[in-house]
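A.B. asks: Before I ask anything, here is the structure I am working with.
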Amino acid sequence: MQKSQESQKLQNIQGQNQDGCDDQKGMAEELSCMAQETENILREIRGLQALYPRVFVAVDGRCGAGKTTLAQEIQKRTGCVLFHMDDFYLRIEQRTKERYEEPGGNVDRERFWEEVLNPLKTAENGATLSYRPFLCGKWVLGDPISVEVGSLIVVEGSYSCHPELFDQYDLHVFVDIDPETQQERILKRNGAEKLEMFQSRWIPMEEMYFSAFDIKKKCEIQLNANRKSV
């Protein structure tokens, strides 16, 4: 009975959760405050592509800053293969108190390694790679998604620069945002009820991760997505 109650408690918590599962309403405006920075990233990518047969790029940063929007723009401009860390959030059985207390614990790094990073080590361009996305709201893994492997791989989302993943990338991007603008964007995108959950749970977990591993300073490119720049 106790186990059942704990499971239900975790499900209730996650029922209000962002888990990185962001609605993309109004997110296009973020590109306008990062236009020049986007060009800088593309220039860096082209330089790396001249050196390596396959280039890996991570886009990490604070929620609401525009990681997904930026990564999608890179995909639009380059045709890269794009993976979202949102697809690798924890399954119900992984959502323990101990896991959430671990800096960066709110993502299934183990499955990301198994289904994406390890296969990419041996996959040739044009090969097919399949993984199962985590379905927000249902708390289960969905049907497999197949992608064609290419020479440019972009991984976006919070926790993408976790130390267990960091060395797999050739370029690391951190997208920053001030608390006021962050709050406004989350409110607009997710609503007041979800905003409270972000402020009480998900943002503190992100900040613990950023602080514990000094993520921002370790990234070669740092962008600022504050409202004043929009």
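Read-outs: derived from the displayed coordinates by stated rules, not from any lab. Just so you know, these numbers come straight off a predicted model, no measurement behind them. Note: ideal-geometry Cβ built from the backbone for every residue, glycine included; neighbour counts use all protein chains shown.
A.B. asks: Cα convex hull of segment 119-188: mean projected area in nm², to one decimal?
C.D. replies: Numbers: hull surface 27.9 nm².
The orientation-averaged projected area of the Cα hull of segment 119-188 comes to 7.0 nm².
A.B. asks: For segment 61-180, report the translational diffusion coefficient in µm²/s to the nearest whole number, using Stokes-Einstein at 20 °C, 1.002 mPa s, and a Kirkwood Rh over Cα pairs. Numbers along the way, then the final one.
C.D. replies: Working: Rh = 15.3 Å.
Once the numbers are plugged in, D ends up at 140 µm²/s.
A.B. asks: Which order, highest average first, do 118-128, 164-174 follow once you tally other Cβ atoms within 10 Å for each residue and take the mean per peptide?
C.D. replies: Order by mean packing, descending: 164-174, 118-128.
A.B. asks: Could you check the spin-label model distance between Glu102 and Ser146? Points 7 Å from the Cα along Cα→Cβ, value in nm.
C.D. replies: Rounded to a tenth, the inter-label distance reads 3.3 nm.
A.B. asks: Quick one: Karplus J couplings for segment 192-209, per residue in order, coefficients 6.51, -1.76, 1.60, θ = phi - 60°, nearest Hz, x for Gly and Pro?
C.D. replies: With the stated coefficients, segment 192-209 comes to 5, 5, 5, 4, 4, 5, 4, 5, 8, 10, 6, 5, x, 5, 4, 5, 4, 5 Hz.
A.B. asks: Among the listed pairs Lys97/Lys138; Lys138/Lys194; Lys67/Lys97; Lys67/Lys188, give every one whose C-alpha distance is greater than 23 Å.
C.D. replies: Check vs 23 Å cut-off fails for Lys67/Lys97.
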